[in-house]
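**Student:** Got a structure for you, written out below as C-alpha cells; questions coming shortly.
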Amino acid sequence: MSEDLLKQIADCIQRGKVNAASPYPPDMKGEDGADELTRKALDDGVPPNDILEKALMIGMGNVGHLFSENKVFVPDLLMAAKAMSAAMAHLEPFFSSGEAKHRGVFVIGTVQGDLHDIGKNLVCMVMEGGGWKVIDLGVDVSPEKFVEAVKKNPGCVVGLSALLTTTMVNMEKTVTMLREADPAIRVIVGGAPLTQEFADKIGADAYSPDPQGALDFLAQSA
Ligand code: B12
C-alpha cells in the first residue's frame, strides 16, 4: 500500500505536480500532488527516510537522467524541483531532529569573477533531490570563501561552476587551496566551457556536463 503511495509521489516529482491546486501538468489537473501525498504518507506512518529515498530521490533521479539525455528540458527540471520542495517542506522537521538523514553536505558556488548562476542553481536542485544537504555560496566566490565553508563542514563535497573562459582559470586556484586545506576533499567541476581534459589538468575529482552526472559520480564513489 505504502509502495503505491511512494510511487505516486515519485511520479508527481518527476512530472512536476506540486499540489492539487497546481494546473500543471494538464493531465493531472485536480489530482493530489507531491504536497498532499507526502503529508498523507507521513500521516500513514511511512518513515521519512523511505519517502526521501523511495520517492523523492527516485522522481528527481528519473527527471535528472531524462535531462542528461535531452529528453526533458530546463522548465521540466524546474517544475520537478518545485514539486520536490513542496514534499521536502513536510520532511524538514525530521531532518532537523535527525530522524531523516542527508547523504552528505554539498558545498557549491560559481567561482571568483563569474556571475552566471542558472546552471549552478539547477545543480543545487538536483543535488537536493538526490538527498544531499546543499550549501550554496552563490556567485563570484573566492577560493578563501570555499576553504572557509569546507572547514565549517568537514567531510563535505565541493562543486565549482564556471561559465566564462576567463574565470575557468580561477577553478585551478580554488582546487589547489581546497586540497591544501583538506587533502581528502572531493571536488566536482562543471559549466559550459569545461571539458574532462581541463578537469584532469586542474586536479578535480570529477567533471560533469550536467547536474545528474555529479550525483551519479558520488553514488559510484561512495
Ligand atoms: C544568461 C547569460 C548571462 C547572464 C547571467 C544570468 C545568471 N543569473 O546566470 C548575464 C546577462 C548576467 C551574463 C553576463 C555575462 N556574460 Co553571459 N551568458 C549567458 C548565457 C546566454 C546563458 C548561460 C546559461 O545560463 N545557460 C543555461 C544553463 C542551464 O547552462 P549552464 O550554465 O551551462 O549549466 C549547465 C551545465 O553546464 C552544468 N553545470 C553548470 N555548472 C555546474 C557545476 C557542477 C558542479 C556540475 C556538475 C554541472 C554544472 O549543469 C547545468 C545544467 O545542465 C550564455 C550563452 C549560452 N547560450 O550559454 C552567455 C555566456 C556564458 N556569457 C558570456 C559573456 C561573455 C558574458 C559577459 C562577459 C558579457 C559582458 N560583456 O558583460 C558577462 C559576464 C558577467 C560575469 N562576470 O559573470 C559568454 C562567455 C564566452 C566565453 N567564452 O567565456 C557566453 C557564452 C555568451 C557568448 N556566446 O558570448 N550572461
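Each value in this text was obtained by applying a stated rule to the coordinates, not by laboratory testing. What you are looking at is a predicted structure, and each value in this text was computed from that prediction instead of being measured. Here the Cβ positions follow ideal geometry from the backbone for every residue, glycine too, while neighbour counts run over all protein chains shown.
**Student:** Would you mind ranking Met28, Met79 so that the residue whose beta carbon has the fewest other beta carbons within 10 Å leads the list?
**Tutor:** Met28, Met79
**Student:** What is the distance in Å between the Cα centres of segment 1-57 and segment 90-169?
**Tutor:** Cα centroid of segment 1-57 versus Cα centroid of segment 90-169: 26 Å apart.
**Student:** If you don't mind, there's one more thing I want to ask. Counting only C-alpha contacts under 8 Å and six or more residues apart, can you give the relative contact order of segment 11-105 as a whole percent?
**Tutor:** Normalised by residue count, the contact order of segment 11-105 is 37 percent.
**Student:** Extending each Cα 7 Å along its Cβ direction at Glu31 and Thr165, get the distance between those two points in nm, one decimal.
**Tutor:** Each label point is offset 7 Å from its Cα along the Cβ direction, giving 4.8 nm.
**Student:** Please go through the residue pairs Lys40/Lys151; Lys40/Lys152; Lys71/Lys201; Lys152/Lys173; Lys54/Lys82 and name each one whose alpha carbons sit more than 28 Å apart in this structure.
**Tutor:** Values: Lys40/Lys151 39 Å; Lys40/Lys152 36 Å; Lys71/Lys201 31 Å; Lys152/Lys173 20 Å; Lys54/Lys82 18 Å.
Long pairs (Cα-Cα over 28 Å): Lys40/Lys151; Lys40/Lys152; Lys71/Lys201.
**Student:** Quick one: helix 2-15 against the long Cα principal axis of the chain, what's the angle to the nearest 10°, folded into 0 to 90?
**Tutor:** So the inclination is approximately 60 degrees.
**Student:** Kindly express, to the nearest 10 degrees and within the range 0 to 90, the angle between helix 34-43's C-alpha long axis and the longest C-alpha principal axis of the chain.
**Tutor:** Once rounded, one gets 70 degrees.
**Student:** Shifting gears a bit: In whole percent, what relative contact order does the chain give with Cα contacts below 8 Å and a gap of six or more residues?
**Tutor:** Computed value for the chain: 17 percent relative contact order.
**Student:** Based on other C-beta atoms within 10 Å, arrange Asp4, Asp76 from fewest to most.
**Tutor:** Asp4, Asp76
**Student:** While we're on this one: How would you order 126-139, 163-176 from highest to lowest mean count of nearby Cβ atoms within 10 Å? Intermediate results must be reported in sequence, preceding the final value.
**Tutor:** On the way: 126-139: 20.5, 163-176: 18.2.
With the highest mean Cβ count within 10 Å placed first, the list reads 126-139, 163-176.
**Student:** A further question follows. Need the list of aspartates and glutamates near Lys29 for cross-linking: C-alpha distance under 19 angstrom, and skip anything on the same chain fewer than eight residues off.
**Tutor:** Asp11, Asp76
**Student:** Return an integer: the convex hull volume of the alpha-carbon atoms of the chain, in Å³ per residue.
**Tutor:** Here the figure is 118 Å³ per residue.
**Student:** Helix-only mean residue ellipticity at 222 nm, the chain, DSSP H runs n ≥ 4 weighted -39,500 (n - 2.57), per residue, nearest 500. What is it?
**Tutor:** Counting only the DSSP helices, I get -17000 deg cm²/dmol.
**Student:** Using only Cα atoms and rounding to the nearest 10 degrees, what angle (0 to 90) does helix 165-181 make with the longest principal axis of the chain?
**Tutor:** Helix 165-181 and the main axis of the chain meet at about 90 degrees.
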